[in-house]
Amino acid sequence: MCVSVIEMSNISKKIMEPIATRTPSEIVETVSQYELERGKPVPRERHSLVQANIIGQLYTYRSQYTVLSEIDIVADGKPYTPDICLYPKRSINWTAEVEQPITDPPLIAVEIMSQTQTVEQLMKKANAYLNAGAGAAWVVIPSLQTLTVMKRNAKPDTHTRGIVKDDATGVEVNLDEIFRTS
């Protein structure tokens, strides 16, 4: 996302204004630092819980795969920050001074809908990941409790319950556990 210096200045002023001086619609329209840095809305409780539950299930595959959340990747020549990525087992350089965005595509990229995102926005991101070589893109809509699996040259496959398996990796997630609240 490109923001001019003047726009940044105006956004910064708006963010710094005391909430008491703003109307509810102005508060909602305020762009947070999180949104400026990541180009997407601040996650809320449902999004956060779903993300944690998916990571928890994917973590059981840690001997084979590396699970990364909120990582900068380059897809279709543009920077993106998927909610979750599954990669072949990677070695991490813990002492690197500067980490670079990952340029190789994930095996699975996961986007979880936030309350201000549209399905079209998520589908656009998912298609960018697929066009960049990701094996699959999962689009999760917490309010509908659905997980849609997208693959190149295939129709989206939406699941509402049970086990979802990625045939290429053998990874399985249980939707009942993803949308579990306790």
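Read-outs throughout are calculated quantities, based only on the coordinates presented, and are distinct from any laboratory measurement. None of the values given here were measured: they were computed from a predicted structure. Backbone-built Cβ (ideal geometry, glycine too); neighbour counts: all protein chains shown.
Taking the condition of being under 24 Å from LYS165 (Cβ atoms) and not charged (D, E, K, R), how many residues in segment 76-113 meet it? Lay out the reasoning, then the answer.
Here is the first cut: in segment 76-113, the residues under 24 Å from LYS165 (Cβ atoms) are 82-90, 104-113.
Adding the requirement that they be not charged (D, E, K, R) leaves 82, 84-88, 105-110, 112-113.
Number of matching residues: 14.
Could you grab me the full set of residues in segment 49-77 that are of a type in the set (Lys, Arg) and farther than 22 Å from VAL140 by Cα?
So the first thing to find is which residues in segment 49-77 are of a type in the set (Lys, Arg), and the list is 62.
None; the set is empty.
Is there any pair with a first residue in segment 91-113 that is farther than 23 Å from ALA52 by Cα and a second that is among the hydrophobic types (A, V, I, L, M, F, W, C) whose Cβ atoms are under 6 Å apart and which are 6 or more apart or on different chains, and what are they?
THR103/VAL74
Output the residues belonging to segment 114-147 that are out of contact with any His (no Cβ under 7 Å at 6 or more places or on another chain) and closer than 18 Å to ALA52 by Cα.
Of the residues in segment 114-147, the ones out of contact with any His (no Cβ under 7 Å at 6 or more places or on another chain) are 115-141, 143-145.
Residues satisfying the conditions are GLN115, ALA137, TRP138, VAL139, VAL140, ILE141, SER143, LEU144, GLN145.
Counting residues that are of a type in the set (A, V, I, L, M), surrounded by 12 or more Cβ atoms within 10 Å (Cβ to Cβ) and in contact (Cβ under 8 Å) with a residue 24 or more places away in the chain, which strands (runs of 3 or more DSSP E) fully inside segment 142-182 reach at least 2?
Values: elements: 146-150, 157-159, 163-165, 172-174.
Output list reads 146-150.
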